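Chemist: After the structure tokens below, expect a handful of questions from me.
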Amino acid sequence: MIQTHAYLPHLSLMNSPLEQIYRGYNAGKLDDKNETPGTGGILENERGALFASWIGTGKKVLDLGCFNGALSRYYLAGNEVTGFDIDPATLAHCPSGMKTEAHDLNGDWHKGHEGEFDVVVASEVIEHLYYPKNVLKKIDAVLKPGGLFIGSVPNAFNFKNRVRLFLARPEATPLGEPTHINQFSYAMLKKLLEQAFDNVRIEGVVQPKWKWASDLSPDLGSFILAFHAQKK
């Protein structure tokens, strides 16, 4: 079931336990006083601007785990953007002009979309999904020849997080997020992407005051790892 703006929350395609988990999780994010309702999360502006520069215009874009389309807004103008997410209630908040489909991204969401998209975006998504290698195979399947896969993951092993883990304080790291199934370092992410894609590029995303640390070492100095790769 596809629509160009919003899902009606009662038209759930799954109503699975996982969907119920994310419905509560997403509702909590929208109500969080520390995060303006409707935003794309931590360092949204930096990620949104970076992805928009990589995507350009005139593209057919698939935004995996799009939440409420907050990040999609940065590259919606001039592109045809479709968002997949497990929670129809959250998809109801996506911007007008954006197509949406409800999918469990651990499932066979790629079927029927083979070779359809110029770009696939997965920002802060892969760490939530089982068997990342299989997820990347599905992403590869829906990309056109030469298509781009871009996105980001939390840097679970930057310098601060390594110290926090050493001090047995995982709650202050990505390990403290209960929906994170996978944790990535720079090297782990690079190895994963290079197994499935060509021309892999990874760069750190941080607050401006920490840019010097990220430039010196994206592995140790960045809060988020943004990536850009091309279909083989």
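The values are calculated or read from the model by the stated rules, or taken from the named source; none is laboratory data. For clarity, every value in this text was computed on a predicted model and none was experimentally measured. With ideal geometry, Cβ positions are generated from the backbone for all residues, glycine too; neighbour counts draw on all protein chains shown.
Chemist: GLY107 - would you say it is under 14 Å from the mean Cα position of the chain (by Cα), more than 20 Å from LYS231 (Cα to Cα) and among the small types (Gly, Ala, Ser)? Break it down stepwise before answering.
Modeler: Numbers: under 14 Å from the mean Cα position of the chain (by Cα): no; more than 20 Å from LYS231 (Cα to Cα): yes; among the small types (Gly, Ala, Ser): yes.
No: the conditions fail for GLY107.
Chemist: While we're here: Just to be sure before I move on: is LYS138 exposed (fewer than 15 other Cβ atoms within 10 Å of the Cβ) and either outside any strand (DSSP E or B) or modelled with pLDDT of 90 or more (or both) in the structure I sent?
Modeler: No, not satisfied.
Conditions (1) touching a Ser or Thr at 6+ places or on another chain (Cβ under 8 Å); (2) closer than 12 Å to ASN158 by Cα, marked per residue:
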residue	(1), (2)
THR173	no, yes
ILE181	no, no
LEU189	no, no
GLN195	no, no
ARG201	no, no
ALA213	yes, yes
SER217	no, yes
LEU225	yes, yes
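Chemist: Here is a further query. Go through segment 104-128 and give me each residue that's touching a residue at least 60 places away in the same chain (Cβ under 8 Å), in a loop (DSSP other than H, G, I, E, B) and not aliphatic (A, V, I, L, M).
Modeler: Passing the criteria: ASP104, ASN106, GLU124.
Chemist: Which of the numbered conditions does PHE197 fail, given that it passes all the others? Conditions: (1) in contact with a Leu (Cβ under 8 Å, 6 or more places away or on another chain); (2) buried (at least 18 other Cβ atoms within 10 Å of the Cβ); (3) modelled with pLDDT under 95.
Modeler: Looking at each condition in turn, PHE197 falls short on (3).
Chemist: Only residues that are in contact with a helix residue (DSSP H, G or I) (Cβ under 9 Å, 6 or more places away or on another chain) and either within 22 Å of ILE55 (Cβ to Cβ) or not in a helix (DSSP H, G or I) (or both): list them for segment 180-200, please.
Modeler: So the first thing to find is which residues in segment 180-200 are in contact with a helix residue (DSSP H, G or I) (Cβ under 9 Å, 6 or more places away or on another chain), and the list is 180-187, 189, 192-193, 195-197, 200.
Matches in segment 180-200: HIS180, ILE181, ASN182, GLN183, PHE184, SER185, LEU189, LEU192, LEU193, ALA196, PHE197, VAL200.
Chemist: Any residue in segment 194-206 that is within 13 Å of HIS228 (Cβ to Cβ) and acidic (Asp, Glu) sitting within a Cβ distance under 7 Å of a residue that is at pLDDT below 95 and not in a strand (DSSP E or B)? List the pairs, counting only those 6 or more apart or interchain.
Modeler: Every condition considered, the pairs that remain are ASP198/LYS232; GLU203/PRO218.
Chemist: Restricting to segment 51-89, and then to whatever is touching a residue at least 40 places away in the same chain (Cβ under 8 Å) and among the aliphatic types (A, V, I, L, M), can you tell me which residue is farthest from ALA122 (Cα to Cα)?
Modeler: In this case the residue turns out to be ALA89.
Chemist: Please verify whether segment 136-157 includes one or more residues that are free of Cβ contacts under 8 Å to residues at least 12 places away in the same chain and either among the basic types (Lys, Arg) or closer than 26 Å to PRO178 by Cβ (or both).
Modeler: In the first step, residues of segment 136-157 are kept if they are free of Cβ contacts under 8 Å to residues at least 12 places away in the same chain; the result is none.
Among the residues of segment 136-157, not one is free of Cβ contacts under 8 Å to residues at least 12 places away in the same chain and either among the basic types (Lys, Arg) or closer than 26 Å to PRO178 by Cβ (or both), which makes the answer no.
Chemist: Out of (1) touching a Gly at 6+ places or on another chain (Cβ under 8 Å); (2) over 27 Å from ASN155 (Cβ atoms); (3) among the β-branched types (Val, Ile, Thr), the odd one out for VAL120 is which?
Modeler: (2)
Chemist: To continue, here is another question. Name the residues in segment 80-103 that are surrounded by fewer than 19 Cβ atoms within 10 Å (Cβ to Cβ), part of a loop (DSSP other than H, G, I, E, B) and touching a Lys or Arg at 6+ places or on another chain (Cβ under 8 Å), would you?
Modeler: Matches in segment 80-103: PRO95 only.
Chemist: Follow-up. So which of SER214, SER222 ends up being crowded, with 18+ Cβ neighbours inside 10 Å, of a type outside the set (Val, Ile, Thr), under 18 Å from SER123 (Cβ atoms) and free of Cβ contacts under 8 Å to residues at least 60 places away in the same chain?
Modeler: The conditions single out SER214.
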